[in-house]
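Some notes on the structure that comes next.
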Amino acid sequence: MRAPTLVGLAIVLIAAAALAAILLIDRAGGVGGTAAVATAIADAAAEGVTVEPALTTNMRTAPDRLAELVAIIPGGRAAQVTGQSADGAWLLVVYPIGSRLEGWVPAANVIPRTGDPATVPVIDVASSSDASPASTTGTPVAAGGAEPDLQVTNAFVAPNGTLTIRFANVGRGAFDAATSLRVTSAAGAVIGVVDIERTLLRPGRSATVNTQIAIERTGEYVLEADWLDEVTESNEFNNTLRTLLVSVTP
């Protein structure tokens, strides 16, 4: 009778060991899953309230469509919300997230991504409604007969592989119109065209545009502002920048 008793005891011990191993594995997995969830929640909290434009939208220095342009946010790109106007019609955002670039965007032009934009603080700022009158014809507003002059002053490839440009109004008149930018290779092949919505640039001011045009090869490129010649400028022959762009693609 001893032999069967010993065998039974051994079976019980093996089963107990297996059960303990299963419990340890399950507990370890549970801790890992909880940690991953906690990390995701912490990341979302650090990012705060964010929105993204349904379409490309302008980021301005004040909550007014005539305020000066700070940057252009492409559709689908996230911006962090740090404030809102008293009527909730404008949101103060940081774009790109983590940068020091801040400006106002119309709340109607964006959709929530994380958090609720209605919960951010109200920022009391003066409207720039006393800015130069808007043009109803889509042509630049020029004071005293002076005309604007658009130039692409800088260009580089962002870490995500897309082209970012900076264009400036170096003329003596204000620019208040829509325009476009064409990017070609040195050989003349069209890489992309970007339509820039109506923008106010006073003399001497500039704006940054993330074009979302992918630069896949390192080489020389030609960037031409107002390539359709839709804007009357004081100088029609300085809209082109020829530059070397370095691709981030190996």
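The values are calculated or read from the model by the stated rules, or taken from the named source; none is laboratory data. Nothing here was measured: the structure is a model prediction, and the numbers come from that model. Quick reminder, even Gly has a Cβ in these numbers, built from the backbone with ideal geometry, and neighbours come from all protein chains shown.
Numbers below:
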| read-out | value |
| --- | --- |
| Residue check for Ala3: at pLDDT below 85 and closer than 30 Å to Val125 by Cβ | no |
| Qualifying residue in region 232-241 (condition: within 30 Å of Ala78 (Cβ to Cβ) and not aromatic (Phe, Trp, Tyr)) | yes |
| Some residue of region 158-175 being modelled with pLDDT of 90 or more, in a loop (DSSP other than H, G, I, E, B), within 16 Å of Ile213 (Cβ to Cβ) and touching a strand residue (DSSP E or B) at 6+ places or on another chain (Cβ under 7 Å) | yes |
| Ile196 vs. criteria assigned to a strand (DSSP E or B), closer than 19 Å to Asp149 by Cα and in contact (Cβ under 8 Å) with a residue 24 or more places away in the chain | yes |
| Output for region 220-239, where each listed residue is under 25 Å from the mean Cα position of the chain (by Cα) and part of a strand (DSSP E or B) | Tyr221, Val222, Leu223, Glu224, Ala225 |
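Yes/no per residue for (1) surrounded by 18 or more Cβ atoms within 10 Å (Cβ to Cβ); (2) at pLDDT 50 or above:
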residue: Ala21; (1), (2): no, no
residue: Ala35; (1), (2): no, no
residue: Asp43; (1), (2): no, no
residue: Thr61; (1), (2): no, yes
residue: Leu69; (1), (2): yes, yes
residue: Ala79; (1), (2): yes, yes
residue: Leu92; (1), (2): yes, yes
residue: Val105; (1), (2): yes, yes
